[in-house]
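Accompanying notes for the structure given below.
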Amino acid sequence: MSGELESLEHILQTYIPAQELKEVWRILYGRECRSLDLPEDAVQAAISGSFELKGYYLIEAAPEQLRRQNIVRVGLIQNKIQAHTSLPVLEQIHALHKRIADMVEAAAICGVNIVCFQEAWTMPFAFCTREKLPWTEFAESAENGITTRFCQELAKRYNMVIISPILERDEAHGDVLWNTAVVIANSGAVLGKSRKNHIPRVGDFNESTYYMEGNTGHKVFQTAFGKIAVNICYGRHHPLNWFMYSMNGAEIIFNPSATIGGLSECLWPIEARNAAIANHCFTCAINRVGTEHFETEFTSGDGKKAHNDLGHFYGSSYVSAPDGSRTPGLSRVSDGLLVTELDLNLCRQTSDKWNFKMTGRYEMYAEELTRATRPDFQPDVVRE
């Protein structure tokens, strides 16, 4: 069933009368859902390309006297792998490049300024298998690998910032592998990279077989369309991770992920939305979709029988605003492009209203956290 249910939104639209549905959307998502009027060329591209296309407004910032509106359109792309996992590595990569090129073209038609792909988008999510080959062959340079060059061409062609999460091979430091997001400016220049800060060791998701915690900290990238950051996958479970990107000035934090039903689906609609609220910024949660089969069986070390797939990646990508509202999600079963229009002025306006950073006791937290990390730490518990 996990790979068959289209989406919660589809069920609500099917069974709830239109008048009641309007109020349901408001309660679930913080405001009435306002759809973008997307170009017919993009709609037809989605139909011919067999991917879902949705567009929403999340602007709602009040007019200001000293600042103009700061409107940005973001695009989130979720997709299945395009070639079987047993086929040659380059064939799998090129098939995904072709698929993403078509979807990015549709995003460009829709006026998208910043697009983000899912975690490790150029390959199957093989980090569950513990096998080294052929999966480490998907790793490439963040600066000049074939995928970065491919994305640079797209960025220049469409005047679009591209966030490209890949498996990185760091040849300058002994061929070390990292889970990395490459940020490419709309000029086509490589603006920089952000590595995954938190590595899961949960069942099949024992990814330290391939890479360890990142060493790039909490970089924020100043782009032509705003200040952005990339919190890769498992980092979304760590509130301080979101917080540090926000403290460095991020207006939009992207969360490219690969996560399956059963393990995390109840958390998915909550975490990025909570982070947007807590940090007065927009958050974009992207999850891959589909079930990926591998030839060699693998086990989790949890007593379950050996299996050939990790489970169903449930998609459901969405965008949240700093005021707590969010868009509906994309499908749980289909490739999709979600286009969302934001007014970045809402970040400061929400901060001025709620004052979380003004009322946060960061010096107190810093002192107590420093004490808590010491070997001789004793919890501050008062007993009778």
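Every read-out reported here was derived from the displayed coordinates using simple, explicitly stated rules and does not represent laboratory data. Note that this is a predicted model, so its numbers are computed, not measured. Because the Cβ atoms are built from the backbone with ideal geometry, glycine has one as well, and the counts that use them run over all protein chains shown.
Couple of notes before you dig in:
- Each residue in H280, H94, H173 was given a count of other beta-carbon atoms within 10 angstrom of its own, and listing them fewest first yields H173, H94, H280.
- Cβ-defined net charge surrounding P134, 15 Å radius [Lys, Arg +1; Asp, Glu -1]: -3
- Table column - 3J(HN,Hα) (Hz), segment 140-155, Karplus curve with 6.51, -1.76, 1.60, x for Gly and Pro: 8, 5, 6, 8, 9, x, 5, 6, 4, 4, 4, 6, 4, 5, 5, 4
- Sequentially through segment 160-175, phi angles give Karplus couplings (6.51, -1.76, 1.60; θ = phi - 60°) of 10, 6, 10, 9, 10, x, 9, 8, 9, 9, 9, 5, 6, 10, x, 6 Hz, Gly and Pro residues having no value and appearing as x.
- Between the alpha-carbon centres of segment 285-318 and segment 194-270 there is a gap of 19 Å.
- Rounded FRET efficiency, nearest 0.05, which uses the C-beta distance separating R383 from Q69 and R0 of 35 Å: 0.05
- Cα-centre dipole for the chain with unit charges at Cβ (Lys and Arg positive, Asp and Glu negative), debye to 20: 760 debye
- Among the GluC sites (Glu not before Pro) in segment 219-288, none sits in a DSSP loop with a Cβ that has at most 15 other Cβ atoms within 10 Å.
- Cα centroid of segment 345-363 to Cα centroid of segment 93-161, whole Å: 35 Å
- Qualifying trypsin sites (Lys or Arg not before Pro) for segment 44-146 [loop in DSSP, other Cβ within 10 Å: at most 14]: R67, R68, K132
- Neighbour cut-off at most 12 other Cβ (10 Å), DSSP loop, GluC sites (Glu not before Pro), segment 1-82: E4, E32, E64
- Zone of V89's modelled label, taken as backbone nitrogen in segment 156-185 under 11 Å from a point 7 Å along Cα→Cβ: 169
- For the chain, adding -39500 (n - 2.57) for each run of n ≥ 4 DSSP H residues and dividing by the number of residues yields -8500 deg cm²/dmol at 222 nm.
- For D352, D37, D343, order by how many other beta-carbon atoms lie within 10 Å, fewest first: D37, D352, D343
- Cα gyration tensor, the chain - rounded (a/c under 1.5), prolate or oblate: rounded
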